[in-house]
1. What tally of residues in region 227-256 results from selecting those that are within 20 Å of Gly35 (Cα to Cα) and either within 15 Å of the chain's Cα centre (by Cα) or in a helix (DSSP H, G or I) (or both)?
2. Go through region 26-65 and give me each residue that's surrounded by fewer than 18 Cβ atoms within 10 Å (Cβ to Cβ), out of contact with any His (no Cβ under 7 Å at 6 or more places or on another chain) and not hydroxyl-bearing (Ser, Thr, Tyr).
3. Considering only residues that are charged (D, E, K, R) and over 28 Å from Leu161 (Cα atoms), look in region 20-70 and name the one that is modelled with the lowest pLDDT.
4. I'm trying to understand the selection: among the residues of region 124-156, which are part of a helix (DSSP H, G or I) and free of Cβ contacts under 8 Å to residues at least 12 places away in the same chain?
5. Out of all the residues in region 69-123, which are surrounded by fewer than 22 Cβ atoms within 10 Å (Cβ to Cβ), part of a helix (DSSP H, G or I) and of a type in the set (D, E, K, R)?
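The values are calculated or read from the model by the stated rules, or taken from the named source; none is laboratory data. Keep in mind that this is a model prediction, so the values were computed, not measured. Positions of Cβ are backbone-derived with ideal geometry, glycine not excepted, and every protein chain shown enters the neighbour counts.
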Amino acid sequence: MTPPEELSVQAGAITAHVARAGQGEPLVYLHGAFGYSGWPAFLTQLAQSYTVYAPVHPGFVESDGFDQIEDILDLTLYHFDLLDALGLQAPHVVGHFFGAMIGAEMASIRPDGVGKLVLASPAGLWVDHDPGVDYFATPADELRALMFHNPGSVIAQQTMLHPKSDEERGLQGIERARSLSAVAKFLWPIPDKGLRKRLHRVKSKTVIVVADHDRIVPASHGTEFSDLIAGSRLHTVEGASHLFILERADEFAGLVAEFLSG
């Protein structure tokens with residue numbers, strides 16, 4: 001596949017960085033707090049049938065504008081500004097973790113502004129009996145085992161590189177601090193900022209995808225989302241952890257493609 005095209009568009013007062021590839025109906029991928037660098041393999045597969053847009057959230061990598069987003073409403077409206085800037089009307093939205101929470105907020109605040117909705121390991125709800133691991137407090141050298149079912153796999157090692165020098169370790173620490181600071185504004189100390197009260201407004205055809213060994217978003221959270229979104233489907237990926245979208249890329253891409261085409 002031809003490498004994704006890199007776009008810079010003005011979304012309100014924020015300059016957004018977006019990768020685009022493929023052809024067909026528009027699909028927007030909203031990344032999570034981990035494994036967001038590069039162009040993941042499942043997007044390459046989806047780009048065979050869809051025009052895929054993958055924006056970088058403000059506050060991640062070199063993206064700016066995070067200081068202009070004060071709350072969940074700002075965050076959601078920014079993403080609608082981004083769709084307007086890209087000339088998209090009600091695209092399909094696929095989100096993982098933090099990105100899935102954003103997608104759910106978009107679909108609840110403006111039900112006609114989102115096409116079909118895929119929520120993978122979605123953040124945004126608090127479940128007292130099964131809250132999940134506090135990844136903000138997880139040491140960096142334990143993250144790979146937390147994110148991947150097989151932390152020794154090639155994709156796990158490529159996604160979370162072991163630093164070869166103190167300089168690399170320092171740079172990784174800075175990037176982790178940037179990304180976690182961005183999501184902490186909306187997910188800490190608990191991730192429920194009112195989404196539970198709004199999910200009944202979602203009209204998009206929705207599938208929630210969770211992993212049975214995800215310790216960050218336990219599978220029970222998928223049941224909560226499914227119960228709150230009328231007509232939604234729930235799918236559990238067996239033998240998988242939080243970053244199953246990377247570790248089980250073929251399976252995830254096939255599931256998404258089947259749902260969108262159906």
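1. Qualifying residue count for the region: 15.
2. Gly38, Trp39, Ala41, Gln48, Val61, Glu62, Asp64, Gly65
3. Start the filter on region 20-70 by keeping residues that are charged (D, E, K, R), which leaves 20, 25, 62, 64, 67, 70.
Applying the additional criterion that residues be over 28 Å from Leu161 (Cα atoms) yields 25, 67, 70.
Numbers: Glu25: 98, Asp67: 86, Glu70: 92.
Among those residues, the one meeting the criterion is Asp67.
4. Going through region 124-156, the residues part of a helix (DSSP H, G or I) turn out to be 135-137, 140-147, 154-156.
Result: Ala137, Asp141, Glu142, Ala145, Val154.
5. If the condition is that a residue be surrounded by fewer than 22 Cβ atoms within 10 Å (Cβ to Cβ), part of a helix (DSSP H, G or I) and of a type in the set (D, E, K, R), then Asp74, Asp81, Asp84, Asp112 are the ones that fit.
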